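Structure record follows, encoded as structure tokens.
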Amino acid sequence: MAIPSGPQPGSANAVYAALRHRFSSGEYAPGQRLTETALAADLGVSRTPVREAIGRLLTEGLVVPAARGVAVAALTSKEAEHLFVLRADLEALAAELAATRQMLGQLAPAEVDALDQAVDQVEVAVKAQDARASAQANLALHRAIGAAAGNPFLEDALHRVWDRIAVTTVANLDDPHWAGAITDQHRAIVAGIRAGDPETARRAAKAHIEAAGRAYQPLV
């Protein structure tokens, strides 16, 4: 995968952005070992920016030290419990703020329509029984709601939580019972936002993440 545009190509920031994208899209499996040499070759850069990027990932808990490199961190049951408590409140706030902006006429119709389209994309992937595509579409929807909230600090906090959870999201969306339930829950959140009803949007988002927490199966 090419390094995303933004930071100067070959820089530690660019390598870090590329690796964060891989974590958020579920490209790495829990426990997978990553080495500086392999990552440098894969990304077409020297080992120095890879080493710096790995240092940041270690600090954020996305990787842990392992023999001759690092390994992709997996959440324990207790870590997942803590994260989902935080995530439920953060996503409830995001939905509430997005609905408030809609009520105040601060969301463009195209932004709200994009949320409905994102829900549709999750549903299509789920019906195709493509867990990887479902996970990516699901994250895209939640990112869109976070962006619609209009609070960059909240959005940054959400990105950190999503990245820690994303590494095992693919495995969890392989559960047909949970995957089949999320479309109605997503539509309830977006309906609250479209109606400009902050309380309804908040309740729907909180209930959805609490249900996700109950369905979540840590892999360690």
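Please treat every number below as a calculation from the coordinates, not as lab data. What you see is a predicted model, and the numbers here were worked out from it, not measured in a lab. Neighbour counts are summed over all protein chains in view; Cβ atoms, including those assigned to glycine, are modelled from backbone coordinates with ideal geometry.
Relative to the current alpha-carbon distance between Arg160 and Ala67, full extension at 0.36 nm per residue lengthens the span by 30.9 nm. Highest mobility in the GNM of the chain, judged by mean-square fluctuation with C-alpha springs under 10 Å and restricted to Ala67, Ala137, Ala92, is found for Ala67.
Computed on the chain, the Cα convex hull volume stands at 116 Å³ per residue. Close amide H pairs (under 5 Å, H built 1.01 Å from N) link Ala71 with Leu34, Val64, Ala66, residues at least 5 positions away or on another chain. Global size of the range 81-194: 13.7, 39 Å for Rg and Dmax (C-alpha atoms, Rg to one decimal, Dmax whole). Within the range 12-72, the ratio Rg/Rh, alpha carbon atoms throughout and Rh by Kirkwood, equals 0.91. About its Cα centre, the range 77-215 has a charge dipole of approximately 140 debye under the convention of +1 per Lys or Arg Cβ and -1 per Asp or Glu Cβ, with nothing else charged.
Subtract the Cα-Cα distance of Thr37 and Ala207 from 0.36 nm times their separation in residues, and report this length gain in nm to one decimal. Show your work: numbers first, answer last.
Details: separation 170, 0.36 × 170 = 61.20 nm, distance 4.36 nm.
Stretched out fully, the Thr37 to Ala207 stretch lengthens by 56.8 nm.
Placing unit charges on each Cβ (+1 for Lys and Arg, -1 for Asp and Glu) gives the range 77-215 a dipole about its Cα centre, and among His159, Phe84, Pro109 the Cα reaching farthest toward its positive end belongs to Phe84.
How much mean residue ellipticity at 222 nm does the chain get from its helices, if each DSSP H run of length 4 or more adds -39500 (n - 2.57) and you divide by all residues, to the nearest 500 deg cm²/dmol?
Numbers: 10 runs with 155 residues, N = 220.
Taking each H run of at least 4 residues, the total per residue is -23000 deg cm²/dmol.
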